[in-house]
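In what follows, a single structure is set out as C-alpha cells and then discussed.
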Amino acid sequence: MVRGKVQMKRIENLSSRQVTFSKRRNGLLKKANELSVLCDAEVALIIFSQKGRLYDFASSNMQKTIERYHERARETMVDNSTELQQYMEHLKHETANMAKKIEILEVSKRKLMGQGLGSCSMDELQEIDSKLERSLENIRARKAQLFKDEIESLKARCLLLEENANLREKCRLMPTPSATPPTQRKERGNCSKNAQNSEVETELFIGLPVMRCA
C-alpha cells in the first residue's frame with residue numbers, strides 16, 4: 001500500500017503525535033549511529049521531547065564534542081567579525097574618496113562660475129579660460145545646428161504649402177466630367193430625330209392599298 005505524503009505541520013492528535021515522535025526519534029538515532037560508523041565522523045545528537053525528556057547520542061564523549069563545538073563557533077564568530085570589520089574599513093575608505101571627488105568637483109564648478117578665483121595661479125586661470133572657450137564653442141555649434149535644422153524644416157513646410165496651392169489651382173481649372181458641350185447635345189438631338197424618321201419610313205402595312213383622291 002502506497003503511503004500518503006505527510007504534511008509538515010503539528011499533529012493535533014496526542015496519541016498519534018507520541019507514536020510519530022517515538023518512531024522518528026529511533027530512526028534519527030539510528031541514522032546518527034550509521035553516519036558515525038560508516039563515515040568515521042564525530043556525531044553528537046540531543047533531543048528533548050515535548051515533556052522535557054532527554055534523548056542523546058554521541059559517537060565519542062558528549063562533553064568533549066560540545067566543547068569542540070563551542071570552540072569552533074567562537075572561531076567562526078571571530079572570523080566573521082574580522083571580515084565585517086574589514087568590509088566596514090573598505091566602505092569608510094570608499095566614502096572618503098567619494099567625498100574628496102565631490103569636493104574637487106564643487107571647487108571646479110565654482111571657479112567656472114567665476115567664484116573663488118582669488119587663490120588661482122596664472123596657469124589655473126589659463127586652464128579655466130580654455131575650458132570656458134571649449135564650452136562656448138560646443139554651445140555655439142549646437143545652437144547653429146538647431147538653427148539649421150529649424151530653417152530646413154521651414155523650407156520643407158513652405159514647399160509643401162506651394163505644392164498644395166498648385167494642386168488646388170489645377171483642380172479648379174479642370175472641367176467637370178458631368179457637363180456636356182452644346183455641340184454634343186445638338187448631335188444627339190439630330191440622331192434621335194433621324195431614328196424616328198427611319199422608323200416611320202420603314203413601317204410595314206399588310207392589306208389592300210388605300211386609294212388616295214387626286
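The values are calculated or read from the model by the stated rules, or taken from the named source; none is laboratory data. Everything numeric here is computed off the predicted structure, so don't read it as measured data. Neighbour counts run over all protein chains shown; Cβ positions are idealised from the backbone, glycine included. These accessible areas exclude ligands, DNA and RNA; they are computed on the full protein's heavy atoms, side chains included. Shrake-Rupley method; radii C 1.70, N 1.55, O 1.52, S 1.80 Å.
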Could you work out what % of the accessible surface of the range 7-152 is carbon and sulfur, using a 1.4 angstrom probe and leaving DNA, RNA and ligands out of the count? 56 percent
For the range 83-137, I need the span (max minus min coordinate) of the C-alpha atoms along each principal axis, in Å, sorted largest to smallest. 51, 26, 17
Please list 3J(HN,Hα) in residue order for the range 16-31, calculated via the Karplus relation 6.51 cos²θ - 1.76 cosθ + 1.60 where θ = phi - 60°; whole Hz, with x for glycine and proline. 5, 5, 5, 4, 5, 4, 5, 5, 6, 5, 4, x, 5, 5, 5, 5
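What FRET efficiency comes out for Asn13 versus Arg53 if R0 is 22 angstrom and r is the Cβ-Cβ distance? Round to the nearest 0.05.
Numbers: r = 20 Å, r/R0 = 0.90.
Taking R0 as 22 Å, the efficiency between Asn13 and Arg53 is 0.65.
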The range 1-133: relative contact order from alpha carbon pairs under 8 Å, six or more residues apart, as a whole percent, is 10 percent
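For Ser119 and Leu136, calculate 0.36 nm times their separation in residues minus their Cα-Cα distance, and state this gained length in nm to one decimal. Intermediate values should be presented prior to the final figure.
Numbers: separation 17, 0.36 × 17 = 6.12 nm, distance 2.44 nm.
Contour length minus the Cα-Cα distance gives 3.7 nm.
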Using every pair of alpha-carbon atoms in the range 35-156, split the distances into 10 Å bins beginning at 0 and state the percent of pairs per bin, rounded to integers. 10, 15, 14, 12, 10, 8, 8, 12, 10, 1
Which far-off residues, 5 or more places away or on another chain, put their amide H under 5 Å from the one on Ile47, with H placed in the peptide plane? Tyr55, Asp56
Using a cut-off of 22 Å between alpha-carbon atoms, which lysines can reach Lys5, once sequence neighbours fewer than 8 places away in the same chain are excluded? Lys23, Lys31
Identify all aspartates and glutamates with a Cα-Cα distance to Lys155 below 20 Å; exclude those on the same chain that are fewer than 8 residues away in sequence. Glu163
From the gyration tensor of the Cα coordinates in the range 1-96, what semi-axes in whole Å does the equivalent ellipsoid have, largest first, with each one equal to sqrt(5λ)? 40, 22, 14
Under 13 Å Cα to Cα from Lys131, which aspartates and glutamates show up? Leave out anything in the same chain fewer than 8 places away. Asp123
At 1.4 Å probe radius, can you tell me the per residue accessible area of the range 1-155 in Å²? 90 Å²
